[in-house]
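See below for the structure under consideration.
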Amino acid sequence: MNPIKLTYWCKLVITTVSIVALSPISSALALSKLSYLDTPNFSQFSKKQVLADKSDGKAVGVTVATNSSPERKPAFTLYIWQPGATISEVTARISIKSKYGDKYRQERFLGDYRYRMKQKANFVKGFKSGDIIVVRLYDTTNRLIGYSEFVILPENTAVNLILSANPIVDQVVRTFYGTDVNNDSIVDDNSTKYDYFTQLNNQKVTFLSSSENISITQYQAAGFSQIPTTGTYPIPLSDVVGKSINIFDSNLAQALTVPPGRITQLIPIQENSSFELGQLLSKYRQIGVAKNIKVSFSDISKDYWAKEYISELAAMEIIGGFPDGSFRPNAAVTRVELAVLLQKVFRKSKIRSAVAFKDIPPRHWAYNAIRESYEMGFFNTLGSKKFNPAQKLTRLDVLITLAKGLNYQFTGSTENILSVYSDASTLKGEHRNFIASLTQNGVIVNYPNIRLLNTKKIATRADVCALLYRAMVVNGEVVDFPSRYNMKITR
């Protein structure tokens, strides 16, 4: 196997929701030390799973167990204030540094929003606790007048950015935020509150450690806490307190470096404005990722069945194309390629000792990937103690490998769950529970017919992208992009 071929899969990553002390600026460029998020538990509650068949579009129902408890998901509400009332509007350029493990992905553009003072907007669906949101503020002539970063909390986050009476000169922003469990856009009294100042100077931002040298009265808005002398920062920003950081670099997305309104339309904030992360990522993907990232490919059309999965994984630097501009979605995937992907995507505790495969010597280019993926529970030992790295995988091979390694659980009747598949009878007894667990957890994607598992079909790059992305969705690590070919559980 030529190791060069694997370079086109690029760097594989996965995210978690824990908050760590880490510099958001420097860590955005690091793509290692990945971590794994435990599988969520599912309680028993019967609902109908609705499936659409490509040929007739009719719905097919199956009773499955789903989570019956209401789920609070991270989101944020962004207010912009200016107690001095000397300006009427600003543009908020919003971007995200998505958290994965103890690192952050490169900054991605989420849009330019025209705010009038005291307006708010909600940003929902797909954010994770620990994600860092970046806000660059511009006046109506596109002068940069402020900058802030804040960290998404486990529940809805109410964020207030407060400008001085003369923001064009001062270029200081007060950031005040905390948890807003009841979604009334007000920081809850009993929550931890974060309160700090940032100051711009020559395209650098300083995260001020205190408010001692600031005229704080102009930042005191009615209903807000008294301004503390020492800034209260979330742990992920603790490493930048007191430091000056460049807010632009040569690799930033095009949309983050040009003036607002130059290549995208300004979005006016209206009453009850709400924006979904998945829609923003998809809308701005082409211009919103770092300049070194390619998200479109010559052989992936805009209506290709796995386009969203492939493009989003590419945007996250998880996969990549070939030098000729193609992605080759129908190319087969081998055991060694899957091992490399699994080692880079998932970080689990080792559950068994490594095996010395006869055909994988220590000098083999994928030796560590094969060893570590096996230790995490992926792959089985063949009787010959050979790994067979060049073996092409079937869809069943990939599905069973994922199910065993990720240990997804399910409740209810195996046969009832599998009844949605027209070819369920082809599954052997030892495989049926594994496929049922993947089905109930929403991992399986079947193209071109959602009712056919096609277990004997050779797994393609597109297949593997879809299945890996769905596993990340199930673990709460990435945005869910709807697909008519995904066995989606309705709640």
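Computed from the coordinates by the stated procedures, all read-outs in this text should not be read as laboratory data. Since the structure is predicted, the reported quantities are computational estimates derived from the model, not experimental observations. Backbone-built Cβ (ideal geometry, glycine too); neighbour counts: all protein chains shown.
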Note on the range 256-295: alpha-carbon gyration tensor, axes a ≥ b ≥ c; rule is a/c under 1.5 for rounded, else prolate if a/b larger than b/c, else oblate; result oblate
Scan around residue 119 for amide H atoms under 5 Å from its own, H built in the peptide plane at 1.01 Å from N, and keep only partners 5 or more places away or cross-chain.
-> 80
Obtain the nm distance between the two label points defined at residue 294 and residue 428 by a simple spin-label model: each point lies 7 Å from its Cα along the Cα-to-C-beta direction.
-> 4.0 nm
So which chymotrypsin sites (Phe, Trp or Tyr not before Pro) in the range 177-285 end up in coil per DSSP with only 13 or fewer other C-beta atoms within 10 Å?
-> 248
Which residues in the range 127-153 have a backbone N closer than 19 Å to a point placed 7 Å from the Cα of residue 86 along the Cα-to-Cβ line?
-> 137-147
At R0 = 45 Å, FRET efficiency that the Cβ-Cβ distance of residue 358 and residue 449 yields, to 0.05 = 0.70
The exposure ranking of 347, 363, 174, fewest beta-carbon neighbours within 10 Å first, is 363, 347, 174
Taking max minus min of the Cα coordinates of the range 76-283 on each principal axis, largest first, gives extents in Å of 41, 36, 36
Arrange the following residues from fewest to most other Cβ atoms within 10 Å of their Cβ: 375, 308.
-> 375, 308
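Quick one: order 118, 294, 348 by neighbouring beta-carbon count within 10 Å, fewest to most.
Ascending number of Cβ neighbours within 10 Å: 118, 294, 348.
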Can you work out ³J(HN,Hα) from phi for every residue in the range 243-251, in order, using Karplus 6.51 cos²θ - 1.76 cosθ + 1.60 and θ = phi - 60°, giving whole Hz and x for Gly and Pro?
-> 10, 9, 10, 5, 9, 10, 9, 5, 9
Using 7 Å Cα-to-Cβ label points, what is the residue 258/residue 270 separation (nm, one decimal)?
-> 2.6 nm
The long-range amide H neighbours of residue 146, using H built 1.01 Å from N in the peptide plane and a cut-off of under 5 Å, are 137
Percent antiparallel among DSSP beta bridges confined to the range 76-283, nearest 5, equals 80 percent
Mean projection area, nm², convex hull over Cα of the range 402-491 | 5.9 nm²
Taking N as its residue count, the alpha carbon Rg of the range 82-185 over 2.2 N^0.38 Å | 1.09
